[in-house]
Amino acid sequence: MHAQAFDAANVAIAAIERARSTDRTAIRDALRKTDYQSVRGPFKFDSKGDPTLVSHMVRIVDMKETNARL
């Protein structure tokens, strides 16, 4: 959770800086152009506005890390 919050804050700050404005539309447009090296890997938005960063959950079973299946 902390890494996601850190990335979200940094992506938002970078978009505001790129927009050079506090106008919502300008910030939204700047967010669409995000190309950010996050602590969890490269982060961008696709043409539909969905993030391309794939997050996954890890489950610990018998003291071993495994991919969580939902």
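For segment 46-65, name all the residues that are farther than 30 Å from residue 35 by Cβ and assigned to a loop (DSSP other than H, G, I, E, B).
Selection gives 62, 63.
What are the residues in segment 17-50 that are touching a helix residue (DSSP H, G or I) at 6+ places or on another chain (Cβ under 9 Å) and under 18 Å from residue 4 (Cβ atoms), if any?
31, 34, 36, 38, 39, 40, 43, 45, 49
Which count do you get for residues in segment 3-33 that are touching a Phe, Trp or Tyr at 6+ places or on another chain (Cβ under 7 Å) and open to solvent by less than 40 Å² (accessible area, probe 1.4 Å)?
Selection size over segment 3-33: 3.
List pairs: first in segment 52-66 and modelled with pLDDT of 80 or more, second in a loop (DSSP other than H, G, I, E, B) and not basic (Lys, Arg), Cβ under 8 Å, 6+ apart or cross-chain?
Sorted first by the residue in segment 52-66, then by its partner, the pairs are 52/46.
Kindly list, by first and then second residue, each pair from a residue in segment 1-22 that is assigned to a helix (DSSP H, G or I) and modelled with pLDDT of 90 or more to a residue that is exposed (fewer than 13 other Cβ atoms within 10 Å of the Cβ) and hydroxyl-bearing (Ser, Thr, Tyr), limited to pairs with Cβ atoms under 8 Å and residues at least 6 apart or on different chains.
16/22
Can you name the number of the only condition in (1) outside any helix (DSSP H, G or I); (2) exposed (fewer than 10 other Cβ atoms within 10 Å of the Cβ) that residue 36 fails?
Status for residue 36: all satisfied but (2).
Return the residues of segment 41-70 that are surrounded by 10 or more Cβ atoms within 10 Å (Cβ to Cβ) and either in contact with a Phe, Trp or Tyr (Cβ under 9 Å, 6 or more places away or on another chain) or of a type in the set (Asp, Glu) (or both); say none if nothing qualifies.
42, 43, 44, 51, 52, 53
The values are calculated or read from the model by the stated rules, or taken from the named source; none is laboratory data. Given the structure is predicted, the values throughout are model-derived calculations rather than measurements. Note that each Cβ is placed from the backbone with ideal geometry, even for glycine, and that neighbours are counted across all protein chains shown. Heavy atoms of the whole protein, side chains included, go into the accessibility calculation; ligands, DNA and RNA do not. Shrake-Rupley method; radii C 1.70, N 1.55, O 1.52, S 1.80 Å.
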